[in-house]
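Here's the structure we're looking at; comments come further down.
The values are calculated or read from the model by the stated rules, or taken from the named source; none is laboratory data. Model, not experiment: these values are computed from the prediction. As a convention, Cβ positions derive from the backbone with ideal geometry for all residues, glycine included, and neighbour counts pool all protein chains shown. For the accessible areas, the whole protein counts, side chains as well, though only heavy atoms, and no ligand, DNA or RNA atoms are used. Shrake-Rupley method; radii C 1.70, N 1.55, O 1.52, S 1.80 Å.
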Amino acid sequence: MAAVDVEAAVKELRNTYSSGKTKSYEWRISQLEALLKIVTHHENEIVEAVHSDLCKPQTETSFQEIFSVASSCKLALKELRRWMKPQKVKTGMLTFPSSGEIVPEPLGVVLVISTWNYPFLIAVDPVIGAIAAGNAVVLKPSEVAPATSALLSKLLGEYLDTSAVKVIEGAVRETTELLAQKWDKIMYTGNGRVARIVLAAAAKHLTPVILELGGKCPAVVDANINLKVTARRIISGKWGCNNGQTCISPDYILTTKEYAPKVVDALAAELEKFYGKDPLGSNDLSRIVNIHHFDRLEKLMDDEKVSGKIVHGGQRDKTNLKIAPTILLDVEEDSLIMNEEIFGPLLPIVTVNKIEDSFGAINAKGKPLAAYLFTNDKTLKEEFVRSVSAGAIAINETALHFMEVGLPFGGVGESGMGSYHGKFSFDAFSHKKAVLRRGFGGEVSARYPPYAPWKLQLLKALVKGNIIEILRALLGW
Amino acid sequence: MAAGVETVAEELRAAYGGGKTRDLEWRVSQLKALLKIINLHENEIVEALRSDLNKPEYEAFVHEIAGASSACKLALKELRRWTMPEKVKTTMTTYPSSAHIVSEPLGVVLVISTWNYPFILSIEPIIGAISAGNAVVLKPSEVSPATSAVLSKLLGEYMDTSAVRVVEGSVPETTVLLEQKWDKIFYTGNSKVGRIVLAAAAKHLTPVVLELGGKSPVVVDSNIDLKVSPLIYQKLRNNPRILYFIYFVFCFFLKVAARRIISGKWGCNNGQTCVSPDYVITTKEYASKLVDAFACEMENFYGKDPLQSNDLSSVVNSRHFDRLINLLDDEKVSGKIVLGGQRDKTKLKIAPSIILNPSEDSLIMNEEIFGPLLPIITVDKIEDCIGIITSKEKPLAAYLFSNNEKLKNDFISNVSSGGMVINDTTLHLAEASLPFGGVGESGMGSYHGKFSFDAFSHKKAVLKRGFNGDVSVRYPPYTNGKLNFVKAMLSGNILRIIRALFGW
């Protein structure tokens, strides 16, 4: 796509936005209903496309992507009027008499740059927020998931108001052209390297940005827990989420030296129940998205510092881009696998002497998007929540917090900035304008020059709230 | 450059890592120390403000000292409540579970302050940073050197300098600071440097609050005055007492509007304020009445020779003085001065000046004035003001004086600005329950009151579950039966659930 198309597209959106159409409640509802129609009538096509891009099992696509989008739509449809209402605030003495409110308003024309691992969900969910907040929006789906990208372009092009909602497909060139335009907000989901490029481009226009990145999400496993349920929940959050290619998948495990073998056994047992004796043949696992990531993951596994530490799995099938669920025990801190986000079906286990030592190990790394702890120890839970900084924390669970719309979903530090989901999506694409209303009463001449000493005295007394001083000032003593 | 500037972020990181800034006791102790500074050193601060800006003592007290003091007191009063986790209702998808949003500090933060309210614009962000549990470096503005020195001295004496540091200096020091890794940067100033700050922050993925400026418009609607038909007016003329009353009422609202505009402009550091009314929009027919009202109140406030008044700040330095004179002497403008225009270069003073109908392409209508010059532009219908304002960049504030409910609603719905006031100017800054910040070119993020605490916090989502309530349908192998059941459960439809359970 030539540069002029991108510019023209953005110009069109700006004109549409200026006309005021996207601000109306009716327009927003119509677009949200159209999105809901897409997920209801085209579920099979979406499942097909995602399967084509990622070999993602239908259950995962239906539950994690389609269901999530449908719920987001329904929530927005149900709550929009309430979200759009100005929030009244109590005003104080200094502005008396007055009334105050915080009025949400759209930012204008926004850009959503999506990614490949949940190519439907991560494209549409932010668009729901942008539309609910009254903005015009451009969606740039990921070229690494081309079938879904094409489907999004087709379906959104058919069902939505294309004068205000556009899908622009493409790769680096198109993204660069998009980033050169002026946006009122940019939302980017992806990795830290490209995030820095997005921020630098946004800086030129003072554009605020939401970054949904990743990190090494740790899962700490304490003793004295229900190990079977723990194992199932870890497997579900790891291999049950796009075969580990998920920003909030447990990246690595921390447990005590003595408990580690039990954890390995439990994981191995449940893995076999889930995926059978030959996981490369299971239909319930996504494949690795492409050869680039396959090679990257193979390198992590074959790194001489870790290749001898594989205690489960390790099988691979390059033609079908499959790697079996693989567990590594006692990996060294300076191995490759412990120094980049894995984003794949490899799970290293790091062992510590005391479980509390794991907290320091986690805090020594960049802040992850999520951190998990499996324990029945109340003190340990409290300490974990208090001292581990992450986008989110889940106790005795992995990844499920993603589905809780009352919770903001976002990172901190290297894992991102800003958040969304539920009302947080609406807020993410809104400006909260402070509005103070006054009448013409309540005039106090002490407010105005000339600044006679009695005026200053009175104001000092008012600020102190001391009645006697106020009287003295008023009487001129 | 002073020793240690290159490594200050690292040093404070070590202090933060020790955990002390997270303790409520530490935060309270630091806030109390700030309050002590404000209470015990008020005179020094007022003196420094006079030295830097010739700011009248009244303004120094009301805008800066009192403002900082109330912000401290509010934080001390509310801190415990602000730090409490917020409970969140959970839904079917995670049942059984409990959820909270926990506020936690970001870590080590940088506050870059500015020169026009050099005390409060340094202290208020610090109050936010400390109450949220961060370690903080303050870089005060070198354009207000006396206040910068006082801040350095007093914070150095009273605060825990292992975690709260002042770094004085100018461009070299700021550049060195911006190269370091911060967990948040809070910048108040102009959009040119705002872009530099954002670009530096991008390298470390550092989130930023920008408090910038813009051309904040004031719209004055003629309907604030009561209108009386000429016939009735003639009848009433015969009764002087009633006539005087009507005259008083006629002029009352306009008088109040004029006073409030003057107060927000020249009464706020002589127009050198990010939320000062920058320019006025009114109707062609009302303009002369408005100018008369301004002239009348201006004389009440500042006397016949405002250059002699002690109640006006000076222009901060000769660079800004020359910049403002340039705006005033611009040939597209100089013939349109209807009030003021006097200047005294030795004292860096410019009299309150009003310019009527400068051309749209004059300099004064194309940059933030930030000084004692007030252009008035006129329109045919007052509603035209909305189109004019929205054709410019989004300002930090927008003001409307009107009694017309429809105009007020249209204004609020269609004009985007950081904040807005109806029938007054700048007062929204005094309201701690309102977020103070910009949008678009006027900034990003906000603060004041609890918003300051939030600005320097990470809101961490926490989901807690037990080991019960584990449902095997969630797990592979994925059968159709499981898929149907999960869909049914989530739809909440009882019939569907039963059907799925029975495999129908």
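Can you find even one residue in region A:105-112 that is in a loop (DSSP other than H, G, I, E, B) and in contact with a Lys or Arg (Cβ under 7 Å, 6 or more places away or on another chain)?
There is at least one residue in region A:105-112 that is in a loop (DSSP other than H, G, I, E, B) and in contact with a Lys or Arg (Cβ under 7 Å, 6 or more places away or on another chain).
Just for region B:324-350: of the residues that are in contact (Cβ under 8 Å) with a residue 40 or more places away in the chain and in a helix (DSSP H, G or I), which one is farthest from B:Asn190 (Cα to Cα)?
Here the residue is B:Leu328.
Yes or no, residue by residue, for (1) without any contact (Cβ under 8 Å) to a residue 24 or more places away in the chain; (2) open to solvent by less than 40 Å² (accessible area, probe 1.4 Å); (3) assigned to a loop (DSSP other than H, G, I, E, B):
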{"site": "B:Ile377", "(1), (2), (3)": "no, yes, no"}
{"site": "B:Ile388", "(1), (2), (3)": "no, no, no"}
{"site": "B:Ile412", "(1), (2), (3)": "yes, yes, no"}
{"site": "B:Ser417", "(1), (2), (3)": "no, yes, yes"}
{"site": "B:Thr425", "(1), (2), (3)": "no, yes, yes"}
{"site": "B:Asp454", "(1), (2), (3)": "no, no, no"}
{"site": "B:Val462", "(1), (2), (3)": "no, yes, no"}
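Can we say B:Val109 is within 11 Å of another protein chain (Cβ to nearest Cβ) and among the aliphatic types (A, V, I, L, M)?
When the stated conditions are applied, B:Val109 does not pass them.
Look at region A:40-65 and say how many of its residues are in contact (Cβ under 8 Å) with a residue 60 or more places away in the chain and open to solvent by less than 50 Å² (accessible area, probe 1.4 Å).
Adding up the residues that qualify gives 12.
Counting just the residues of region B:112-132 that are among the hydroxyl-bearing types (Ser, Thr, Tyr) and in contact (Cβ under 8 Å) with a residue 60 or more places away in the chain, which one comes out farthest from the other protein chains (Cβ to nearest Cβ)?
B:Ser113
Tell me whether region B:440-462 contains one or more residues that are within 7 Å of chain A (Cβ to nearest Cβ), over 26 Å from A:Ser419 (Cβ atoms) and not small (Gly, Ala, Ser).
Checked against the condition, which is being within 7 Å of chain A (Cβ to nearest Cβ), over 26 Å from A:Ser419 (Cβ atoms) and not small (Gly, Ala, Ser), region B:440-462 yields no hits at all.
What about B:Val209, is it without any contact (Cβ under 8 Å) to a residue 12 or more places away in the chain, more than 18 Å from B:Met1 (Cβ to Cβ), within 14 Å of another protein chain (Cβ to nearest Cβ) and of a type outside the set (Gly, Ala, Ser)?
Criteria not met by B:Val209.
What helices (runs of 4 or more DSSP H), lying completely within region A:19-87, carry at least 1 residues that are more than 25 Å from the chain's Cα centre (by Cα)?
Those helices (runs of 4 or more DSSP H) span A:25-41, A:43-54.
I'd like the full set of residues that are more than 14 Å from chain B (Cβ to nearest Cβ) and either of a type in the set (S, T, N, Q) or open to solvent by 20 Å² or more (accessible area, probe 1.4 Å) (or both), limited to region A:260-283.
Hits for region A:260-283 are A:Pro261, A:Lys262, A:Asp265, A:Ala268, A:Leu280.
Of the residues A:Asn363, A:Asn396, A:Asn353, only one is polar (S, T, N, Q), surrounded by fewer than 20 Cβ atoms within 10 Å (Cβ to Cβ) and either within 25 Å of A:Tyr188 (Cα to Cα) or at the interface with chain B (Cβ under 10 Å from one of its Cβ atoms) (or both); which?
A:Asn363
Identify, from the list A:Leu347, A:Leu407, the residue that is modelled with pLDDT of 95 or more, over 30 Å from A:Phe294 (Cα atoms) and either in contact with a strand residue (DSSP E or B) (Cβ under 8 Å, 6 or more places away or on another chain) or at the interface with chain B (Cβ under 10 Å from one of its Cβ atoms) (or both).
Every option except A:Leu407 fails the conditions.
Regarding region A:121-137, can at least one residue be identified that is open to solvent by 10 Å² or more (accessible area, probe 1.4 Å), more than 11 Å from every other protein chain (Cβ to nearest Cβ) and either outside any helix (DSSP H, G or I) or farther than 26 Å from A:Ser419 by Cα (or both)?
There is no residue in region A:121-137 that is open to solvent by 10 Å² or more (accessible area, probe 1.4 Å), more than 11 Å from every other protein chain (Cβ to nearest Cβ) and either outside any helix (DSSP H, G or I) or farther than 26 Å from A:Ser419 by Cα (or both).
Which residue, of B:Val275, B:Val291, is farther than 28 Å from B:Ser51 by Cβ and either open to solvent by less than 10 Å² (accessible area, probe 1.4 Å) or more than 13 Å from chain A (Cβ to nearest Cβ) (or both)?
The match here is B:Val291.
Sort out which residues of region A:218-236 are within 11 Å of chain B (Cβ to nearest Cβ), open to solvent by less than 10 Å² (accessible area, probe 1.4 Å) and not aliphatic (A, V, I, L, M), and write them in order of number.
Listed by number, the residues that qualify are A:Thr230, A:Arg233.
Given the residues B:Ile262, B:Ile281, which is the only one that is of a type in the set (Val, Ile, Thr), open to solvent by less than 20 Å² (accessible area, probe 1.4 Å), modelled with pLDDT of 95 or more and assigned to a helix (DSSP H, G or I)?
B:Ile262
Go through region B:427-439 and count every residue that is part of a helix (DSSP H, G or I) and within 9 Å of chain A (Cβ to nearest Cβ).
3
Every residue, every condition in (1) over 26 Å from B:Asn468 (Cβ atoms); (2) within 14 Å of chain B (Cβ to nearest Cβ); (3) within 24 Å of the chain's Cα centre (by Cα), yes or no:
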| residue | (1), (2), (3) |
| --- | --- |
| A:His293 | yes, no, yes |
| A:Glu298 | yes, no, no |
| A:Thr326 | yes, no, no |
| A:Asn339 | yes, no, yes |
| A:Tyr372 | no, yes, yes |
| A:Gly391 | yes, yes, yes |
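Name the residue that is farthest from A:Asn243 (Cα to Cα), counting only residues in region B:476-494 that are at pLDDT below 75 and surrounded by fewer than 18 Cβ atoms within 10 Å (Cβ to Cβ).
B:Ile494
Among the listed residues A:Ala428, A:Ala446, which satisfies the condition of being surrounded by fewer than 23 Cβ atoms within 10 Å (Cβ to Cβ) and either within 8 Å of chain B (Cβ to nearest Cβ) or of a type outside the set (Ser, Thr, Tyr) (or both)?
Unique residue meeting the criteria: A:Ala446.
Within region B:432-452, count every residue that is touching a His at 6+ places or on another chain (Cβ under 8 Å) and open to solvent by less than 20 Å² (accessible area, probe 1.4 Å).
Going through region B:432-452 one residue at a time, the tally reaches 4.
Of all residues in region B:167-206, which are under 20 Å from A:Glu212 (Cα atoms), in contact (Cβ under 8 Å) with a residue 40 or more places away in the chain and β-branched (Val, Ile, Thr)?
Matches in region B:167-206: B:Ile185 only.
Which members of region B:316-329 meet the condition of being within 24 Å of B:Asn357 (Cα to Cα), in contact with a helix residue (DSSP H, G or I) (Cβ under 8 Å, 6 or more places away or on another chain) and crowded, with 18+ Cβ neighbours inside 10 Å?
Result: B:Leu327, B:Leu328.
Kindly provide the set of residues from region B:390-404 that are open to solvent by 10 Å² or more (accessible area, probe 1.4 Å) and within 11 Å of another protein chain (Cβ to nearest Cβ), ordered by number.
Matches in region B:390-404: B:Thr390, B:Ser391, B:Glu393, B:Lys394, B:Asn403.
Condition check ((1) without any contact (Cβ under 8 Å) to a residue 12 or more places away in the chain; (2) among the acidic types (Asp, Glu); (3) within 14 Å of another protein chain (Cβ to nearest Cβ)) across all residues:
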residue: A:Ser142; (1), (2), (3): no, no, no
residue: A:Ala147; (1), (2), (3): no, no, no
residue: A:Lys154; (1), (2), (3): yes, no, no
residue: A:Ala171; (1), (2), (3): no, no, no
residue: A:Leu178; (1), (2), (3): no, no, no
residue: A:Gln181; (1), (2), (3): no, no, no
residue: A:Ala195; (1), (2), (3): no, no, yes
residue: A:Ala202; (1), (2), (3): no, no, yes
residue: A:Leu211; (1), (2), (3): no, no, yes
